[in-house]
1. Going through B:Gly137, B:Gly97 one at a time, which residue ends up being outside any helix (DSSP H, G or I) and at the interface with another protein chain (Cβ under 9 Å from one of its Cβ atoms)?
2. Identify the residue in the range B:105-134 that is within 11 Å of ligand 2 (Cβ to nearest atom) and free of Cβ contacts under 8 Å to residues at least 40 places away in the same chain and, among all such residues, is nearest to B:Val47 (Cα to Cα).
3. If you take the residues in the range B:28-40 that are among the hydrophobic types (A, V, I, L, M, F, W, C) and more than 15 Å from B:Thr60 (Cα to Cα), which one is nearest to ligand 2 (Cβ to nearest atom)?
4. Taking the range B:82-94 as the search range and keeping residues that are within 9 Å of another protein chain (Cβ to nearest Cβ) and in a loop (DSSP other than H, G, I, E, B), which one is nearest to ligand 2 (Cβ to nearest atom)?
5. Output yes when any residue across the range A:682-695 is free of Cβ contacts under 8 Å to residues at least 24 places away in the same chain and more than 10 Å from chain B (Cβ to nearest Cβ), and no when none is.
6. Mind checking which residues of the range B:28-53 are more than 11 Å from ligand 1 (Cβ to nearest atom) and crowded, with 17+ Cβ neighbours inside 10 Å?
7. Any chance the range B:109-127 includes a residue that's outside any helix (DSSP H, G or I), buried (at least 24 other Cβ atoms within 10 Å of the Cβ) and within 7 Å of chain A (Cβ to nearest Cβ)?
Amino acid sequence: MADSGSMKGLTRRDLLKIVTLSGGGLALGWVWPARAETNEPAAPRSPDPFEPNAWINIHADGRIQVRLARAEMGQGVMTSLAMLLAEELEVGLDQLQIEPAPVAPAYVNYLLGEQATGGGTSTRDAWNTLREAGALARTLMIAAAAQTWGVPESECRARRAQVHHADGTRRLTYGELAATATRLPAPSSVELKAKPDWTLIGTSPRRLDTPLKVRGAAHFGLDVRLPGMLYATIARCPVIGAQISGWNGQAAHAVPGVIDVFAVRYGIAVVAETSWAALTGHARLEVECRPRVNTAVTTERLHSRLRIGLNGRAPVALKEGDVSRALARAALEIESVYEVPFQAHACMEPMNCTADVRPDGCDIHVPTQSPAATRETARHLTGLSAERIRVHTTFLGGGHGRRREQDFVQDAVELSQRLGRPVQVIWTRADDLQHDYYRPMTLHRLRGGLDAAGEPVAWFHRVVGPSVLARRDPGRLRDGIDSLMTDGAVSLPYRLPHRRLEYRRADTPVPIGLWRGDGHSHNAFATECFLDELARAGGRDPLELRRQLLAESPAHLALLDRLAEYWAAPVPEGQGRGLALVEAMGSRLALLAEVSVEDGKIRARRFVAVLDGGQVVNPDAVRAQIESGIVFGLTATLKGAITFSDGQVEQADFGDYPLLRFDEMPEVESILIDSDAPPGGVSSIATPAVAPAVANALLALLGRPFRTLPIRL
Amino acid sequence: MIHLTLNGEPQALALDPATPLLWVLRDHFGLTGTKYGCGEGACGACVVWLDGEPVKSCSTPLSAVEGRSVQTIEGLSPDGRHPLQLAWVLEEVPQCGYCQSGQIMTAAALLARHPRPSDEQIDAAMSEVLCRCGSYGRIRRAIHRAATPEVQGG
Ligand code: FES
Ligand code: FES
């Protein structure tokens, strides 16, 4: 990790590249070794083969373009990442033109191993890269000015895209300096600004996307309009994993505006001149599924399948001490089973993609978290070389992990290729809810032993559930352990002398994938609830017990200390108060929940979150992510779940898959701990903490544990 | 032929009168600020004004608009400086932003009727519009801010 304010070698020095833009400007970025591109056929040389890898283009006319290589899906990366670059480049955010990056090796997210956005990685990945890019460009500008004026660099200072000389009279803009700068040798080291000199990092400037979003002018995937574009819907077989066996498209065809109805790889497509005609045709389509698979899938059966995995042998993900012996010797042993259901993403913008496949190339306009995978998908389907496929990432109307997938891209590319015209594929809300890659269902068996003083001495946890990595990234499975399924359960921060974690893989036919918080979202529910049950069994205060188990971990204690006064305050009449602690993505969060039960309904009234997320880049954006994560988690805690009967998802709309509503919004107070450590991820950390904090508050209020999500009284 | 006033401009169009207003706006007028979230009146992403009243445009057939005035997010203010838009910026309400046209149009109708709405009035008006990103707390603050002209400048 880079130290602020020190001369240092560049993280990616040998790969730095500076080239001249037409018109005399400067482009700065990184070139990656051919690794990522080796299996791609040689491309016809474009005039400036490097330019697609540039992070910063400084044009002679003064325009400063920067590339946004991560998806803006609400988490504020457009602003936060621009801040990192602008801080070191010494430009104002208002002086930058931000444009979405194409797919290119320079934009790989090293924490995800591909050009993608998710899992709270964006700021962590960019922390050094973007600051160094900005500092390099600034260093070059200063060197160019010093050379022009024949003065030492130490007499030159950069500010708001200009270099000023100490004499107070001479100054040159970056645009004026760009041509000179391209002729200078590339710096071999760079000085990052020291923290006290920061003017942007740590502040909350206005978000760059907000003005567009309050005028309805931000363009999402469904807002893409291309000349000659058609609209399409695709009816899929409602039974998971099954295909449509027969269909009658007459009524759909008769809808004015519908151009064609035909079978495609994943269902029956209705192609039309307008969105509305495509949707109407979709509704009129008669499809028949005589599935031979999965027709007997019900939630109960899936549940029974997982239940089997609670017993018998299972691969061990972590072993410390000797749990069996410690349990046998414990003064008291308790055991609990926790149940976590499938959940959908329910992004507010339903899945969609617009593709324009031509014989000589292809453009894909899509709200995606994975533009590189999008290009790969298109390459496979069209046979075009990667260089001929351009991915244009729009604003995302929510992502939450869903938009790492490629199903909607496949739909659009296949249709555009077949029709020879641009096609926008629109998923209906029902399509979106019924054909998701869900957060997996899991069961958890926990056993804990207390000594005579009520202190936990043994901790056993078995996670049972399907493997997410088995489909997404099977190479990362190790000895039967899916790390996405054990996330958070492995790295439990508490000092427990005897601990054992097992993962029993129990696959189901239900498509599963990434979901805000991933494994933390189910494991934190089990572990943090069980800790409260242990506290109760041992007659201990939940916060005090945590403090004791974290005695050797000052960073965690600091979180709990900040919550102590809230914890000590009298609990309002009729309310319960609960606590949960989550460590994920390089951040830690302690969450306090206050809940009440009114007219037989659980109501979350207030949350207090204390976050140690390393260096805070943009405090307001971090607070917004805490609020957002809490609402996302609360929906999964109190509202619905995805369930199955006859092999079909039973939820098709916001009536049977309700989201938290405005009048159910709890008060949220966020406390950010100041830290000099590199930034951690914050977009997903609050979500996993909500269910256990609420369940623990209900345990305190009602005196009985709640071990099944969503929570029902 | 159906006649309507759209963001202050008279318009006439010959379309199936059953076409939902949402798709008339998006497909025929290219006004994509109004969003599709569910198409069945359950999310509020598509809220526009019909004679000043908030309606879910996905559930409003074109026939219901005959002779009436429709206002969309694009027509709320000429320059994005409606008090609510300013307050939305100051409170940094939007996250992904997809629901926000519906939120703002719903809130603007509320303010037109109740210039200083109570929390209960805000709850009643805003609970029809879903936000998966959880911007509700900020929406409430922004409505109060917009309703209090002395703090609008922020
Ligand atoms: S799209 Fe109209 S209410 Fe959802
Ligand atoms: S801001 Fe994303 S749904 Fe409301």
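1. On the way: B:Gly137 fails: outside any helix (DSSP H, G or I).
Every option except B:Gly97 fails the conditions.
2. Keep residues of the range B:105-134 that are within 11 Å of ligand 2 (Cβ to nearest atom), which gives B:129-134.
Applying the additional criterion that residues be free of Cβ contacts under 8 Å to residues at least 40 places away in the same chain yields B:131-134.
Values: B:Cys131: 13, B:Arg132: 16, B:Cys133: 18, B:Gly134: 18 Å.
Within the range B:105-134, the match that is nearest to B:Val47 (Cα to Cα) is B:Cys131.
3. Initial filter on the range B:28-40 (among the hydrophobic types (A, V, I, L, M, F, W, C)): B:29, B:31, B:38.
Right, trim to more than 15 Å from B:Thr60 (Cα to Cα) and you get B:29, B:31.
Working: B:Phe29: 23, B:Leu31: 19 Å.
Once the filter is applied, the top-ranked residue is B:Leu31.
4. Checking each candidate, the answer is B:Pro94.
5. First, the residues of the range A:682-695 that are free of Cβ contacts under 8 Å to residues at least 24 places away in the same chain: none.
No, the range A:682-695 contains no residue that is free of Cβ contacts under 8 Å to residues at least 24 places away in the same chain and more than 10 Å from chain B (Cβ to nearest Cβ).
6. Result: B:Phe29, B:Leu31, B:Thr32, B:Gly33, B:Trp49, B:Leu50.
7. Of the residues in the range B:109-127, the ones outside any helix (DSSP H, G or I) are B:114-118, B:127.
Remaining after also requiring buried (at least 24 other Cβ atoms within 10 Å of the Cβ): none.
Looking through the range B:109-127, none of the residues is outside any helix (DSSP H, G or I), buried (at least 24 other Cβ atoms within 10 Å of the Cβ) and within 7 Å of chain A (Cβ to nearest Cβ).
Each row is one residue, and each column tells you yes or no for (1) within 16 Å of ligand 2 (Cβ to nearest atom); (2) away from chain A (no Cβ under 11 Å); (3) in contact with a strand residue (DSSP E or B) (Cβ under 6 Å, 6 or more places away or on another chain).
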{"position": "B:Pro10", "(1), (2), (3)": "no, yes, no"}
{"position": "B:Arg26", "(1), (2), (3)": "no, no, no"}
{"position": "B:Ala42", "(1), (2), (3)": "yes, no, no"}
{"position": "B:Ser57", "(1), (2), (3)": "no, yes, yes"}
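Read the figures in this text as sums done on the coordinates, not as results from a lab. Note that the structure is predicted; figures quoted are calculated from it, not measured. A quick note on method: Cβ atoms are made from the backbone with ideal geometry, for glycine too, and the neighbour counts reach across all protein chains shown.
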